[in-house]
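Undergrad: Here it is: the structure, laid out below.
The values are calculated or read from the model by the stated rules, or taken from the named source; none is laboratory data. Note that the structure is predicted; figures quoted are calculated from it, not measured. So basically every Cβ, Gly included, is an ideal-geometry build from the backbone, and we count neighbours across all protein chains shown. Only protein heavy atoms, including side chains, enter the accessible area calculation; ligands, DNA and RNA are left aside. Shrake-Rupley method; radii C 1.70, N 1.55, O 1.52, S 1.80 Å.
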Amino acid sequence: MVESNQPSSSIQVSPEEGEGLVQSVTVDGGVSRLSVPHQLERHFRTGRLSYESFHQQKNLRDLDDVIMSLKGAFELAKPDELDPIFTPSSRGSSTALDPARFPRELTATMGMIGTGFLQLDDSSGSSEGGRIVIVLRNLASAYLVRFKHAGSLQDLDESIVYRQMAIRFASESYTNLPYWRQDLAHSHIANFLATNDVSHLDKAIDVFATAIDTAPSDHPAILAMIFNRANALLQRSTYHDARSPGAGAADTDSAISERRRGIELARRKWGGEMLSRAIYSNGLLLKLRYNRTHDDADIRESIATQRDAIDVLSAHSPSHGNIRMMQFNLAETLWIRYQSTSDVEGINDAISTQQRALEATPRDTAEYANNLSQLGTILLVRFMRLGDTKDIDTAVDSQRLAITCSPSASQDLVAMGTMHTNLGSSLTQRFKHGGFIADIDEAIEHQRMAGSIVPDTSRYVKSSILTNLGNSLTARFQSMGSVADIEEAVVSYRKSVELQQGEAAGASTMALKLNNLASALAARFERLRQVEDIEEAILIQTDIVNHTSLADPDRPLHLINLGKYFVEQYLSNNAIANLEKAVAVQEQAVTLTPADHPDLPTWLTNLGKSLHYRREMKRKVGLPSQDDARMAVNVLQRAVDLYPSTHTSLPDCVMNLGLALFDLSRSQEGGIDPITLDAAFDAFRKAISQLSSTDARLPRFRSNLGNMLSIRSQLEHNVRYLRESIDIQREAVSSTPDTHADLTLHLSCLGESLEWLADTLEDEASRDSVLKEARECYRRAALSKTGGPSLKLLCALKWNKIPIPNSPADALAAAETIVNLLPLAAGLDQTPEIRHGVISRYPGLVSSAAGVAFVHKEAEKALEWLEHGRCLVWTQLNALRTPVDDLRIRNPDLAERVLRISSSLETISSRAASQTSINKMSIDMMQIESYSDDNYRHVKLAREWNEVVTSVRDLPGFEDFLSPPTTSFLLRGLPESGPVIVINMHPVRCDALALLTAGPDGESVLSPIHLPRFSYARAEELAKLLNESLSSFGVRERGVNDPEDNTPPDIRDSERAARPRPHKNPRRSTNVLKDILAELWTCIVKPILDALAFSPSPETENRIWWCPTGPLTFLPLHAAGIYDDSAEAVTIFDYAVSSYIPTVSSLINANKIRRPLSTTPGLLILSEPTAPGLTPIPGTTKEAHIIEGIAKESGVETVLLDESEATVKHSMDLMQKYSFVHLACHASQNVSEPLRSAFFLYDGVIELSTLIKRNDRLAGGLDVAFLSACQTGSGDKKLSEEAVHLAGGMLAVGYRGVVATMWSIQDKYAPDVAQDFYTTLFEKGRREDGSVDGSQAALALSRAVRRLSKRLDYNDPESFLAWVPYVHYGL
């Protein structure tokens, strides 16, 4: 059979000549019957009837009855005194195996043990014990059969014990005794295979030795026993070699010696035929050792030994039927050697040997049919090596004839299936070479026929058939493009690998099967763009390469495929290192491939493509790329010249050559090379002309040509090329199925060309018509059911930018599509860093979509879109920690699956993204990297998560499980103490949404508030002014790192920063912050308060939650007001207590968290003024002791860890115990990887990722975290919608509320603020049970900072820096 690129043998060998264990034949002599008690006969007869019933009904209770009856007979017949060593009960084991998962070798070994039910009159000559030996032997058989069907190792042990007892009582002269000993040896081998206890193998070898030594020299089983002992020695050799390479060498040598012992015995006792068989057996054993060691001396000696055996038999009986059988096996051995040497003479010898054997075989026999099919297989391999079409045509003809002439009356299902799959494989290769569709359709028919004929119990053969079916389906998919074909191929390959596991076919065979699976996964990825597929393909292929030697002829194939997958991954994620790896492995593959190898042009094509992509990458980053362009052209031209003119891969190679020529034409010094450019387009058109009208590659080829024409029109300013491009791209789109992943790309390319054409048109009507078509292309692409989400998101943005006048529905549809695609583009299959990178490319995207909703008076849509598209990473993390109490009641198993996957995904998502910088990778460095395994597990878990969420939503009542929240849901979950204000910043308009918990009708309402006096541009201006002002005072800005600032960090004693902003311009500033607060009051806060009918109150406790967007997230809304000594002075503090929230959902989640009884309602204070390597902040010690005193006076349980006491482990343990924590230390905010933001303690750092892993947010218990460090509430300009700051992270950890700072705080004021905060909190938040209500933290902070502000001079610009940065997040 052919699978992958290496055929496998279907040559049959008679049992006594095979490589496996040789089954003995039990010969039971008929002797005179002895007298027995009637009861014994009754027990025996009952046991026999139950045994017969079991074989008919397969009911294990029948076996129980057999054993009970025979034990009854045993009790009647056993001697009065029985040696205790044989008591079966002394040997039991309760361990059980699943019979359905028995290793193949175990099943085969048990099949060699006689289990027929012997009659009582078969005991003559057995022993002085008479019929007891028959009872014991049948008991052994019954226990063995029960083990086969129930899997209890105790039954296997019992079977061995009773078999030993039968042998003990049997006479040495008993005819069947050697067979019984052989059965005992096989039973020990079965026990070894079931338990991996090598002592059983030792016993088997000893029993075989006893059987051989005690059997008469002319006993018919002696040669079989010698061979079987040799094989047991080989098993033990393999066992020891696996644990210590080389440890089994002595057993291997002993096995060969045992074979030679048999040969010498045969030379003395038998004639030519028997001697020939013995010699031949040794040849097969040498071949078996070669399969383990790959020592060429063994395979050469095997070939020579088999030839000797054929010569011996030919001299004795020239027409003997075994001669052709030996020749068939010799041909197989020659073929095996060819696979390791690629020696053409070797495969020629194999073919001629096979042909000679066929000439001596009657044509009307199954033997002829099977081996004729095998000849076709060997001819196919020579075709794949030399490319001679006569070989492939002869192979197909031979295999068709084999099926036709196979006698139906004697059809073996495995043999017939083998013939069908061999023919299918040959037809597939002929299709790849000649491109005839009829060949591939017929191939798949034969492969499916083979799969339907051969049962799964024939694991190796069925595995090979499924591999071949996968090969044929993949070949048709690559030509015709049917997704159903590649889906079926992946399933076939997986089943093939599953069946192969545990088989002794060798690592090379498994590698080829895995190679095919990886190839199919990559092909499916190319079509459907499911990231999991390419990650798994790379993981599989890297493992194959790492376990393939340099001398293995399949190594070039594995290297080429690995390079292909790296290229596909590069095209998906733009990771430069993937291209370097691709070129490195493919260059080695080409170097290892002989010049006349038929696959060399394919290897060259792949290398040329990789060079082309690397040239493109270098050009984009400004590196010299002309050498890669020339190398790509040279390599691809060589491939084109080597391909046969009818080869199905030739058009792909020509298309790639055209792309390489196009690139080379633009990389010439002095501009475009017109000659090379024309050659490129000649190649494009030639490639298309080589395809049939039904070829699945045609749309892609047309799209490539159209894209190149569009670029040429730009280069040469010739609109004629652009119009030609559009016509060709329209053809590509119209011929691409809606389910094809390329449709999105084809539509996008056509849309871009149409937009370019519109720019050249002066007639407005024509221009509008072209833009309308472009917009429709983008719309279809964005809504396509296939294709990558990133490309679809770009198309949705382009759709949105070409408006249709007076069409609100279309505008809303475009905006909603954008919002829905963003979470998919930044999905859970990526690390948080990568997700943030994706989000940063689309600043203001969700706010702009919400702005469209506001324009069209769709306030609810605006709110829902803002919730769905903002703070994606925190929202995704929160979704992984969602409670499943209700689900557990409905479906406990599904609930556990949700928890298991979410926990695993949360853990792996928090890992740091791998950073790889590789200029050139040597193939010696290609080891399995942990990040590859992590990537695969990550995307696999993400896929499983999506699937389990879908499963939950299929349950009645759970349709909205983890769906984006609706407005009604958001309104229902709000706290009752105040409104939530969502402010949307859109380039065109500014709007607020007030979520009110009690409207006029007593229900929560959503109230839109337009803010005409403020704008997006003005918010950016104020944020810039604020940062400039902060910089002028040397205060650290809000997470903005200036790339032009090379000043070394200068950590001042007055700032709590791990890496502070330098004091760039030490000059006095005007009171910018005072002016900003006034403008925020006038234009935003006061209009909102008026709309809500808020009235001032000196000691107000009214709450208000701010949820700003865009640049407004960097402005201090919580401190807005007119600050002076006049009567007009008024501030937000007169109206409400302010808090911030990243999203409305985060407030609802915090409102749901309740403190469990296991959590201590106390305060943990962590003070670290002298973290190693950082500037001391001595004020933290004073601050910590002040807080400790206040807490103790208030009766709050308090623990203070100061300096060396504040270790990471101790702090982490106590943070899980206490509901309040005060962190007075340095902090570091990592905006690119928020989960790596950290607090600095005495012996290390505590990262957010660690806190998240350690704390079960669902369990509750965490109330308030006071982050008395700098900049813990700041974010990043590129991620204004993501709340990438420590405050947001602590909310994700599970704290209901967080006190943080927007910029650097100063030691001299921090203790005062902390003192006032905790004094108020412990007073206002005291519950009746003595615990403290953390929801009063916002009020406590508001009063603390207001007191500080009143002590300072409003006319002093620096006074605002002391109290404005304090902010409260959460409940």
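Undergrad: Once fully extended, how much extra length lies between residue 1350 and residue 199, figured as 0.36 nm per residue of separation less the alpha-carbon to alpha-carbon distance? Working shown, then result.
TA: Numbers: separation 1151, 0.36 × 1151 = 414.36 nm, distance 8.77 nm.
Between residue 1350 and residue 199, full extension yields 405.6 nm more.
Undergrad: Per 20 Å bin, what is the whole-percent P(r) computed from every C-alpha pair distance within the chain?
TA: Calculated P(r), rounded to whole percents: 9, 27, 27, 22, 12, 2, 0.
Undergrad: Say R0 is 51 Å: what FRET efficiency, to the nearest 0.05, do residue 1323 and residue 785 get from their beta-carbon distance?
TA: Working: r = 60 Å, r/R0 = 1.18.
In this case the efficiency is close to 0.30.
Undergrad: Specify whether the C-alpha gyration tensor of the stretch 185-299 places it in the rounded, prolate or oblate class, a ≥ b ≥ c being the square roots of the eigenvalues: rounded for a/c under 1.5, otherwise prolate if a/b is larger than b/c and oblate if not.
TA: Details: a/c = 2.61, a/b = 1.25, b/c = 2.09.
Judged from the Cα gyration tensor, the stretch 185-299 comes out oblate (a/c at least 1.5, b/c at or above a/b).
Undergrad: What residues have an amide H closer than 5 Å to that of residue 1106, excluding those fewer than 5 places away on the same chain, when H is modeled at 1.01 Å from N in the peptide plane?
TA: Here the answer is 981, 1139, 1140, 1141, since their amide H atoms fall under 5 Å of that of residue 1106.
Undergrad: Another question, then. Whole-Hz ³J(HN,Hα) for each residue in the stretch 574-583, computed from phi via Karplus 6.51 cos²θ - 1.76 cosθ + 1.60 with θ = phi - 60°, x for glycine and proline: what do you get?
TA: Using θ = phi - 60°, the values come out as 6, 7, 4, 4, 5, 5, 4, 5, 4, 4 Hz.
Undergrad: Averaged per residue, what accessible surface does the stretch 803-860 expose to a 1.4 Å probe, in Å²? Spell out each step's value before the answer.
TA: Details: 2310 Å² over 58 residues.
Each residue of the stretch 803-860 exposes 40 Å² on average to a 1.4 Å probe.
Undergrad: Ok, one more. Quick one: 3J(HN,Hα) in Hz for the stretch 629-634, Karplus 6.51/-1.76/1.60 with θ = phi - 60°, rounded, Gly and Pro as x.
TA: Once rounded to whole Hz, the list reads 4, 5, 4, 4, 5, 5.
Undergrad: Which entries in 1192/1324; 1024/1074; 1152/1253; 1182/1217; 772/801 show an alpha-carbon gap greater than 18 Å? Display every interim value, and only then the final one.
TA: Values: 1192/1324 16 Å; 1024/1074 15 Å; 1152/1253 20 Å; 1182/1217 24 Å; 772/801 12 Å.
Beyond 18 Å: 1152/1253; 1182/1217.
Undergrad: Give the lysines reachable from residue 609 as a straight Cα distance under 24 Å; neighbours fewer than 8 places away on the same chain don't count.
TA: Reachable lysines: 432, 564, 581, 618, 620, 686, 920.
Undergrad: Please report the spacing between the Cα centers of the stretch 1082-1147 and the stretch 401-447 in Å, no decimals.
TA: Centre-to-centre (Cα) distance: 79 Å.
Undergrad: Could you tell me what percent of the accessible area of the chain is made up of carbon and sulfur, with a 1.4 Å probe and every protein chain present?
TA: Numbers: 27150 of 54400 Å².
Roughly 50 percent of what the probe reaches on the chain is carbon or sulfur.
Undergrad: Related question: Would you compute, from DSSP H runs of 4+ residues alone, the mean residue ellipticity of the chain at 222 nm, taking -39500 (n - 2.57) per run and dividing by the full residue count, rounded to the nearest 500? Show your work: numbers first, answer last.
TA: Details: 52 runs with 819 residues, N = 1371.
So the calculated ellipticity at 222 nm is -19500 deg cm²/dmol.
Undergrad: What whole-number value in Å² describes the accessible area per residue of the stretch 309-467 for a 1.4 Å probe? Kindly include the intermediate steps, with their values, before the conclusion.
TA: Details: 5940 Å² over 159 residues.
Counting only protein heavy atoms, the per-residue value for the stretch 309-467 is 37 Å².
Undergrad: Give the cross-link partners of residue 495 among the lysines, using a straight C-alpha distance below 21 Å as the criterion and excluding same-chain residues fewer than 8 apart.
TA: Of all the lysines, those that pass the test against residue 495 - Cα under 21 Å, at least 8 places apart if same chain - are 462, 513, 940.
Undergrad: Also, quick follow-up: Going through the stretch 313-409, which trypsin sites (Lys or Arg not before Pro) have at most 15 other Cβ atoms within 10 Å and a DSSP loop state? Write down the numbers at each step before the final one.
TA: On the way: sites: 324, 337, 356, 363, 382, 385, 390, 400; in loops: 363.
Those that pass, being in a loop and sparsely packed, are 363.
Undergrad: Restricting things to alpha carbons, tell me how big the stretch 1136-1255 is in terms of Rg and Dmax, in Å.
TA: 15.5, 42
Undergrad: Label points 7 Å out from Cα along the Cβ direction at residue 68 and residue 1170: separation in nm?
TA: That separation, rounded to one decimal, is 8.2 nm.
Undergrad: Out of the stretch 782-816, which trypsin sites (Lys or Arg not before Pro) are coil in DSSP terms and have no more than 13 other C-beta atoms within 10 Å? Walk me through the numbers before you get to the answer.
TA: Numbers: sites: 785, 792, 798, 801; in loops: 785.
Here the trypsin sites (Lys or Arg not before Pro) that fit, given the DSSP loop and packing criteria, are 785.
Undergrad: Now for a separate question. For the stretch 546-658, report the accessible area per residue in Å² (1.4 Å probe, heavy atoms, rounded to an integer). Display every interim value, and only then the final one.
TA: Details: 4260 Å² over 113 residues.
Computed with neighbouring chains in place, this is 38 Å² per residue.
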